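Data first, discussion second: the structure below is written as structure tokens.
The values are calculated or read from the model by the stated rules, or taken from the named source; none is laboratory data. What you see is a predicted model; the values in this text were computed from it and never measured. Counting neighbours? That spans all protein chains shown, and the Cβs are built from the backbone with ideal geometry, glycine included.
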Amino acid sequence: MRPAHIEATHRSRLRRVIVRMAGVADVAALAELRGIEPDQLAAFSGWVAAHAETHLPFVAEVDGCVVGSAWLLVAERVPGNGSLDRWYGDVQSVMVREEHRNQGVGAALMAAILAEARSRDLVHVTVHSGRRAVDFYLRNGFSHHRQLLLWEPAAPGTRR
């Protein structure tokens, strides 16, 4: 995939945000953005390698430094509705360094992820958002869906 070049304005100075699929050289930056401790880097690197076909990491760079990341889970649904090929996506673990927030970095990451989803002809893409980010996803083309329901197990010691 070619990098998506998106430009964002910050402090009256034009800065270039480059979003690309992450590679092996980006694992340390991905781990740091996820809060993975240095002693867990090897295990995280192994996880990334083991899930390379299903969990696609993207990084955003400004001035050559990784300032954000987002992941696209690509999974297959059970065949049906006249199709044997029903792939979908789920946006996961979107993170932008605090000093780079509200500068177009998150939007650039979403643009790259959704371009990848289109190129793979995914049926749909979901996101499980925290409250603070709902408006961000709505601005980036996501919508509420009345048929998406959630089940969570009860806390230990309670019944649901």
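Only one of S93, S143 is assigned to a strand (DSSP E or B) and either modelled with pLDDT of 95 or more or within 18 Å of the chain's Cα centre (by Cα) (or both). Can you tell me which? Break it down stepwise before answering.
On the way: S143 fails: assigned to a strand (DSSP E or B).
That would be S93, the only listed residue that is assigned to a strand (DSSP E or B) and either modelled with pLDDT of 95 or more or within 18 Å of the chain's Cα centre (by Cα) (or both).
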G104 meets each of (1) under 19 Å from the mean Cα position of the chain (by Cα); (2) more than 20 Å from L30 (Cβ to Cβ); (3) without any contact (Cβ under 8 Å) to a residue 60 or more places away in the chain with one exception, condition (3)
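Within region 96-106, track down each residue that is buried (at least 19 other Cβ atoms within 10 Å of the Cβ) and not in a loop (DSSP other than H, G, I, E, B). Show your work before the answer.
Let us first name the residues in region 96-106 that are buried (at least 19 other Cβ atoms within 10 Å of the Cβ), namely 96, 100, 103-106.
If the condition is that a residue be buried (at least 19 other Cβ atoms within 10 Å of the Cβ) and not in a loop (DSSP other than H, G, I, E, B), then V96, H100, V105, G106 are the ones that fit.
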Here the residues within region 108-132 that are more than 18 Å from L56 (Cβ to Cβ) and either assigned to a loop (DSSP other than H, G, I, E, B) or in contact (Cβ under 8 Å) with a residue 24 or more places away in the chain (or both) are S129, G130
Pairing a residue in region 56-68 that is among the acidic types (D, E) with any residue that is in a strand (DSSP E or B), where Cβ atoms lie under 6 Å and the two sit 6 or more apart in sequence or on different chains, gives E61/I18
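Any residue at all in region 79-90 that is within 17 Å of the chain's Cα centre (by Cα) and within 12 Å of I113 (Cβ to Cβ)?
Taking region 79-90 first, the residues within 17 Å of the chain's Cα centre (by Cα) are 87-90.
Still in the running and within 12 Å of I113 (Cβ to Cβ): 89-90.
The answer is yes, given that some residue of region 79-90 is within 17 Å of the chain's Cα centre (by Cα) and within 12 Å of I113 (Cβ to Cβ).
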Within region 107-146, restricting to residues that are touching a helix residue (DSSP H, G or I) at 6+ places or on another chain (Cβ under 6 Å) and of a type outside the set (A, V, I, L, M, F, W, C), the one that is surrounded by the fewest Cβ atoms within 10 Å (Cβ to Cβ) is S129
Of the candidates E53, E76, the one satisfying the condition of being farther than 25 Å from G130 by Cβ, without any contact (Cβ under 8 Å) to a residue 24 or more places away in the chain and surrounded by 12 or more Cβ atoms within 10 Å (Cβ to Cβ) is E76
Residue pairs within 7 Å by beta carbon, gap of at least six or interchain, first lying in region 13-40 and more than 13 Å from V96 (Cα to Cα), second modelled with pLDDT under 95 and buried (at least 17 other Cβ atoms within 10 Å of the Cβ), listed first then second, are R15/A8
